[in-house]
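Each value in this text was obtained by applying a stated rule to the coordinates, not by laboratory testing. What you are looking at is a predicted structure, and each value in this text was computed from that prediction instead of being measured. Cβ sites come from the backbone with ideal geometry, for glycine too, and all protein chains shown count toward neighbours.
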Amino acid sequence: MDILLIAPEITPYSRSGELGDVCAALPKGLRSVGHKVTVISPLWSSVDPTARALARRLSGVEVALGSERYACTIHDGRTTGGVELVFVGQPELFGSAPDGTRADLRAALVFCQAAAQIAASRTPSPEIVHAHGFFAAASLPLLATALPAAARMLSLHDARERGPFAGKVPDVPEALRALTSGADASLLGAGIAGAQRVIARSQTEASQLLEGDAHGLRAALEGKLIGIASGLDAARWNPLTDPLLPARYDAVSLSGKAQCKSALQLELGLPVRADVPLLACVLADGAAARALADALPGLPGLLRNDVQLVITGGGSEPFAGAAELAQRYPERLAFAPARDERSQHRAVAAADLLLVLTPDSELHLAAQRYGAPPIAPDTAPVCDAVVDCDASLTTGTGFLYAPGNAEETVGAVQRALASYTKRDAFVALQHRVMRLDLSWERTARSYEHLYKTQTGSR
């Protein structure tokens, strides 16, 4: 199949969170099972065309919003895995990094129109058009007329991010006018209306969107919604090949993991002890930092145990309330403020257990892949990928807690630390979680099946 993805960001070119990782891993997974894949994404200022070997086309596209006209450049590239890349440049609108500009409605509408023009001009025409998130959603109703034979898909990623209009952009394209005139009109709503199928991050999340209607989307999603859980990019997360680790290991032998643990203890000034459980917490985003701040009152109780806690990421700001704890427990608490790939990977590899504070990341999957059973919130999509362990550790893959309750979080950590003392059972748990099939190739097969049902392919 010829598949076209329209994405607001794609790792490593641009990334503000989980969405960028998915938009990098899914095309790679689809290529690995034999499909032609192209990704269209904005050329944010963080993307250096020269450094990324992107070639600028001689001609671009022009987009109109009312009386305003925007000239967009086009840069082409290709990943090492054979995924074609098309970047749309518009310095006036795409000048900031994606996390600062994605909410700008005008930028989103210009990008969606440019992406629709590029998609409609492709020969042969794509069979599948798959938009990701609210920023790319409005491209789907635009393509309903331009590419009527193409199946149109929309991945939600986060139903709370909608891009509401509220009269902010009075001049919208004709094809979107009927979809953007109501009081609750949004980019996401326009995308749902233009999509034939809408994809949530898991089966549980899909059920929650339809049953509880917490985001007021049930009527629009009825008959369209399906849940597909994300996979883990093995090129980025593989303890046997990870170049960021001081030692490598796999599910057969965990000796390299022990070396990663001692290396991190030494690096952060903690006593180098193999017998103490090392609990790591990676603050991948601001939401995780806020969740940590909420859980701080329960940390003194945890640190009275024979445990080491490493908190990495988030800079210095979220640690204001923890500075006193670090002074009181210098042999049990350490901070690594950098929020970079190296710090994250080394923390996960060194950890005996990984505390995951939000469901909006792939850390619960990475934790399992690296033999650090996750302590994670029991909400979608985490609860679809992590099974709560029983007391004997004979079943389960992690330790779940109800989010938003510091006592629940601390209780789950205490339960996980108690499991560490059951050495044989805990090591068996580590081996079990590392052997799980978390690959994007498996996930790509689920998307392939969905695409085929929409196009009638066999």
If I model a spin label at S121 and R177 as a point 7 Å from the Cα along the Cα→Cβ vector, what separation in nanometres do I get? 2.6 nm
Burial-style ranking of 76-86, 282-292, 58-68, average other-beta-carbon count within 10 Å with highest first, yields 282-292, 76-86, 58-68
Looking at the chain, do any whole DSSP H helices span at least 15 angstrom along their long axis by alpha carbon and average 1.0 or above on Kyte-Doolittle, and which? 105-121
Multiply the residue separation of R160 and A418 by 0.36 nm, subtract the distance between their alpha-carbon atoms, and state the gained length in nm to one decimal. 89.2 nm
How many lysine pairs does the chain hold where the Cα atoms are under 23 Å apart and the two sit 8 or more places apart or on different chains? 6
If eta is 1.306 mPa s and T is 10 °C, what Stokes-Einstein diffusion coefficient results for the chain, Kirkwood Rh from Cα pairs, in µm²/s? 69 µm²/s
Distance from a point 7 Å along Cα→Cβ of D306 to each backbone N in segment 409-436: keep the residues under 16 Å and list them by number. 417-424
Alpha carbon centre of segment 13-41 versus segment 418-458: separation in Å? 19 Å
Using +1 on the beta carbon of Lys and Arg, -1 on that of Asp and Glu, and nothing else charged, what's the dipole of the chain about the Cα centre, debye to 20? 940 debye
In debye to the nearest 20, how big a dipole does segment 255-434 give about its Cα centre with +1 on each Lys and Arg Cβ and -1 on each Asp and Glu Cβ? 560 debye
Might you report the magnitude of the Cβ-based charge dipole of segment 324-425 about its Cα centre, with Lys and Arg at +1 and Asp and Glu at -1, to the nearest 20 debye? 400 debye
Taking every other residue with Cβ under 12 Å from the Cβ of V198 and scoring Lys and Arg +1, Asp and Glu -1, one gets +3
Skipping prolines and chain starts, which residues have an amide H placed within reach, meaning under 5 Å, of the one on G89, given they are 5 or more residues away or on another chain? L43, T73, I74, H75
Extend 7 Å from the Cα of A428 along its Cα-to-C-beta direction; within segment 238-280, residues with backbone N under 17 Å of that point are 252
Please go through segment 202-260 and write out the GluC sites (Glu not before Pro) that DSSP classes as loop and that have at most 16 other C-beta atoms within 10 Å. E222
Net charge, A402 excluded, C-beta distance under 15 Å - Lys, Arg +1, Asp, Glu -1: -4
Taking the Cβ of R69 as the center, what net charge do the other residues with Cβ under 14 Å away carry, scoring Lys and Arg +1 and Asp and Glu -1? -3
Based on the Cβ-Cβ distance from A258 to N238, what FRET efficiency comes out when R0 is 25 Å, to the nearest 0.05? 0.85
For segment 255-434, what class follows from the C-alpha gyration tensor (a ≥ b ≥ c being the square roots of its eigenvalues): rounded when a/c is under 1.5, otherwise prolate if a/b is larger than b/c, else oblate? rounded
With the charge dipole of segment 255-434 built from beta-carbon charges (+1 for Lys and Arg, -1 for Asp and Glu) about the Cα centre, the Cα from L354, T379, V276 projecting farthest to the positive end belongs to V276
Place +1 on the Cβ of every Lys and Arg and -1 on the Cβ of every Asp and Glu in segment 1-55, take the dipole about the Cα centre, and give the residue among A7, S41, P27 whose Cα lies farthest towards its positive end. P27
Note on the chain, DSSP bridge orientation, antiparallel percent to nearest 5 equals 25 percent
